[in-house]
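Quick one: this structure, given as structure tokens, is what I'll be asking you about.
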Amino acid sequence: MTGLTEKNRRWLNKRYIDAWGPDYVAHQPIWGYHRGHTERGHITRFCRTLNLLRVLTAIEGYIGSLLDVGCGEGYIAALASELMPSCQLTVSDISSSAVYKANDLFGFRACASNSMDIPFVDDSFDVVLCSEVIEHVAGPFRTIAELIRVARKFVLITTEASVPWPLFRQVCLKTREAPGELYDRNTWIAEDFSMMFGSRCCIYPQFYKLATSISEPEDIQRARSLVYGMSDVRKVSLKTTGMIILIAKREDALPPPQFSKDEKMMDLILEGPVNTCIKKSEDWDSEWVEKLLCPKCRNKSITIFNPNEVICGVCLNRYGRHNGVLDLLPSIVQDRGLDDELSAIRSLELIRGGKDGYLDNLAYAFEERDIKKNTFLYYFYRLLRGFFSFAVSIIISVQRLQAHDR
Ligand SMILES: [Zn+2]
């Protein structure tokens, strides 16, 4: 049976299909607001992006290099490179189609790799970004441990799959569904990250809850003020959606997000990065190849073999190489299982002691088989969940829209 990681990869490869033509629909709003062929939902994506960039630019002084794990089409990385032109960017994704696209669009140095086995040596990048990934992966704790390992200074994680209370999380986990595509397997609460990193992490919300019925205005000025209104929030609460988690690997002091560059960020977001940045292809030079770990034997022994391949000097495994893109994935990616998650938690607790058993229990809960669909309990949970989400989003939306129109 194919595991979750392999299923996710196949689904993403289909989404970021290799063909480059007029029919291509971008997942991320890379051409700007309501331009080009992109999936809908721009307003919420812009809110999340704006707050992510606010946090990222707060640590700008520390960032000489950045790795974006789960980059998709390279949208966030492209915005970051516009705001921080001297930052060296590398992007990776489980989908080779996605990284080919990121390289094609933005010329990023890119590799197809698994977030649970990041193919770089320790402390390779000043900042490691991982946006909207940990809710989907089969090994969330292994992923977090890997992000921390390859980061030198900061890790920035975002996840929209977050709820305010542990009990509500249980409801979400009991009623999650795998509809044959990337689904929210892991739901988080803020306490999980405090358990792992204590005062070394700061948690910010993504945006105010938004009723799904809100239509996206055609007028770009109205969209701009809507995004400002929905994203102007600094504290995670019942009224907010998602989390942006900034983790300092060593330094204890975390700088607060700054809002001074907001106009520039907003212009960039509404315009989209594609029309404003023309970059040369960044190939893997020897300095970067030296940072690579062989994903199979975990040795630092990869060398450039020929224009289309790199080779591991220890296990002799060969990997594909094309311009700025390396394909460092096996033909079938295997999941690692619960024991691996528990050992990843052990390695995290060396960084910061968590309460005994809390994270272990969470790993069990994420792993648990979903509740049978045809039971009374299942429908009861779904009803509870749906009612709660609907009630909160309506209240907040009405409040926000009233404030906006005033
Ligand atoms: Zn090897």
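For segment 289-302, state whether one or more residues are buried (at least 18 other Cβ atoms within 10 Å of the Cβ), within 16 Å of the ligand (Cβ to nearest atom), modelled with pLDDT of 85 or more and over 24 Å from the mean Cα position of the chain (by Cα).
Yes - at least one qualifying residue is present in segment 289-302.
Still on this structure, I have one more. Looking only at segment 354-365, which residues are in contact (Cβ under 8 Å) with a residue 12 or more places away in the chain and out of contact with any Asp or Glu (no Cβ under 7 Å at 6 or more places or on another chain)? Full working, then the answer.
Within segment 354-365, the subset in contact (Cβ under 8 Å) with a residue 12 or more places away in the chain is 354-355, 358-360, 362-365.
If the condition is that a residue be in contact (Cβ under 8 Å) with a residue 12 or more places away in the chain and out of contact with any Asp or Glu (no Cβ under 7 Å at 6 or more places or on another chain), then G354, K355, Y358, L359, D360, Y364, A365 are the ones that fit.
Scan segment 130-146 residue by residue and report those that are closer than 21 Å to D327 by Cβ and either in a strand (DSSP E or B) or without any contact (Cβ under 8 Å) to a residue 12 or more places away in the chain (or both).
C130
For segment 91-117: of the residues being within 17 Å of the chain's Cα centre (by Cα) and in a strand (DSSP E or B), which is surrounded by the fewest Cβ atoms within 10 Å (Cβ to Cβ)?
A112
For segment 317-329, state whether one or more residues are assigned to a loop (DSSP other than H, G, I, E, B), without any contact (Cβ under 8 Å) to a residue 12 or more places away in the chain, within 16 Å of the ligand (Cβ to nearest atom) and over 30 Å from E216 (Cβ atoms). Quick ask: steps written out before the conclusion?
Kept after step one, since they are assigned to a loop (DSSP other than H, G, I, E, B), are these residues of segment 317-329: 317, 323-324, 328-329.
From what is left, the residues that are without any contact (Cβ under 8 Å) to a residue 12 or more places away in the chain are none.
No, segment 317-329 contains no residue that is assigned to a loop (DSSP other than H, G, I, E, B), without any contact (Cβ under 8 Å) to a residue 12 or more places away in the chain, within 16 Å of the ligand (Cβ to nearest atom) and over 30 Å from E216 (Cβ atoms).
For segment 260-286, what are the residues that are modelled with pLDDT of 85 or more and either within 16 Å of the ligand (Cβ to nearest atom) or exposed (fewer than 14 other Cβ atoms within 10 Å of the Cβ) (or both)? Please lay out each step first, then the result.
Just the residues of segment 260-286 that are modelled with pLDDT of 85 or more, to begin with: 262-273.
Result: E263, K264, D267.
In addition: Which numbered condition trips up P85, out of (1) over 21 Å from L268 (Cβ atoms); (2) assigned to a loop (DSSP other than H, G, I, E, B)?
(1)
The values are calculated or read from the model by the stated rules, or taken from the named source; none is laboratory data. On a predicted model such as this, the values are computed, not experimentally measured, just so you know. Positions of Cβ are generated from backbone atoms using ideal geometry, with glycine treated the same way; all protein chains shown enter the neighbour counts.
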